[in-house]
Amino acid sequence: MPMLDLLKFFKVKSGVGSNNHTLPTIQDIKGLKGKRVLLRASLNAPVEDGKVTETFRLEQALESIEFLKNAGAKVIIIGHIGRKENESLKPVREALGLLTRVEWGGEISGASEKLAHLENGEAILLENLRQDPREGGNDDSFAQELAALGDLYVNDAFSDSHREHASIVGVPKYLPSYFGLSFLREYDALLKVMEPSHPAVFILGGAKFETKLPLVTRYAQIYDQIFIGGALVHDILKAQGYEIGKSLVSPIDLTGNPILDLENISVPSDVVVTDGVTRREVGVRAVLPEEFIYDAGPKTLKELEQLLHDAKTILWNGPLGNFEKGFSFGTETLARMVASSSAYSVVGGGDTIAAIRSLGLQGQFGFLSTAGGAMLVFLEKGTLPAIDAVLSSKK
């Protein structure tokens, strides 16, 4: 798609160049006092031994919760945690309770009685939506049950809004629907990097190249440089005929793909590998059959530093290394580089944000996104299922 056509696509799909009011927000609602507001929040925080270990998403949700409480609304917070049906939001309620007063509401099926006693300006958190399989199945009956709990619906869960789940796309069919303040911050920040100031650098890590190929193809026409790291680079090296050992690969074959010939797409020149015993820093041509590639090497990081030197926009999603295996050096080094840059920077992805916060650098970026997958879907398509659902409900 030619550059001009691509930018036209984004403007039509996402409202680039207009103000926040392209989306209906909680600031547009009149007469919130006494209204039951069903607030879909981003609550999927990591939990270990029954305690939340990272509160970033909860902190981002706080502004909308407080806005609604201060307006005298009766706030009914819903969200999900984890992937297993038996996981509970009780640890999240405990962590959120340290930030603002919020009561525990228990299971959704029995919430009506507790909601009857909810006073103006109070908030209650209900149990994990995914405990009911109808949530992930976008079952209309579940959407109606959720909608029956409120007078209004507010989506403040940008990170979940790429999913066609009942609480995301079903509820807006039955309630007047709006977006929260955290959602709007995400929306505005991503619109800004979709038409970046140049030079612009896009750093893409993580895995699953099959889901990211359209994004890479489009942004190679918008950004001056795209650096591909993480497990994604294994697919490129494999397609180029390099030995990648036992490294993770995606179910996609990039052999002959046009992106391999694009001069503004770069990959690591050296990597950190291990065979489970010995750890080495080697050039990409020197990986052995029994080794795993787990991080970017020191030469690559110096090359990245040069790449970022004159950048005016930096967009970054996904780590450079395998965090679960303890390979965080590349990501942390890159975080320091981006933090020290004068460029406008937008960063997303759970492991990436966790690294930034662990280093205490969160205040040195243009915007930190709560989203990983949703951020990439929005960047690719200029919209999300949640946005389409709310805007469709207004017609």
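Observations on the structure shown:
- Contact map, region 235-254: first residue in a helix (DSSP H, G or I), second residue hydroxyl-bearing (Ser, Thr, Tyr), Cβ cut-off under 7 Å, separation 6 or more or different chains; pairs are 235/250; 239/255.
- Options 133, 176; residue that is closer than 14 Å to residue 390 by Cβ and not β-branched (Val, Ile, Thr): 176
- Unique residue being at pLDDT 95 or above and farther than 26 Å from residue 378 by Cβ when the list is 325, 238: 238
- Evaluation of residue 216 against the conditions (1) among the aliphatic types (A, V, I, L, M); (2) closer than 24 Å to residue 329 by Cα; (3) crowded, with 17+ Cβ neighbours inside 10 Å; (4) touching a helix residue (DSSP H, G or I) at 6+ places or on another chain (Cβ under 8 Å) shows that the sole unmet condition is (2).
- Residue that is modelled with the lowest pLDDT [pool: residues in region 96-122 that are in a helix (DSSP H, G or I) and touching a Leu at 6+ places or on another chain (Cβ under 6 Å)]: 111
- For residue 289: the one exception among (1) over 27 Å from residue 158 (Cα atoms); (2) touching a residue at least 12 places away in the same chain (Cβ under 8 Å); (3) of a type outside the set (Gly, Ala, Ser); (4) touching a strand residue (DSSP E or B) at 6+ places or on another chain (Cβ under 8 Å): (4)
- Residue in region 335-345 that is out of contact with any Phe, Trp or Tyr (no Cβ under 6 Å at 6 or more places or on another chain), at pLDDT below 95 and either buried (at least 23 other Cβ atoms within 10 Å of the Cβ) or in a helix (DSSP H, G or I) (or both) present: no
- When residues of region 292-344 are limited to those that are aromatic (Phe, Trp, Tyr) and touching a strand residue (DSSP E or B) at 6+ places or on another chain (Cβ under 7 Å), the one farthest from residue 277 (Cα to Cα): 344
- Any hit, region 181-194, residues being outside any helix (DSSP H, G or I) and modelled with pLDDT of 95 or more: no
- Answer residue from region 219-234, given it is aromatic (Phe, Trp, Tyr) and outside any loop (DSSP other than H, G, I, E, B) and is surrounded by the most Cβ atoms within 10 Å (Cβ to Cβ) among those: 227
The values are calculated or read from the model by the stated rules, or taken from the named source; none is laboratory data. On a predicted model such as this, the values are computed, not experimentally measured, just so you know. Quick reminder, even Gly has a Cβ in these numbers, built from the backbone with ideal geometry, and neighbours come from all protein chains shown.
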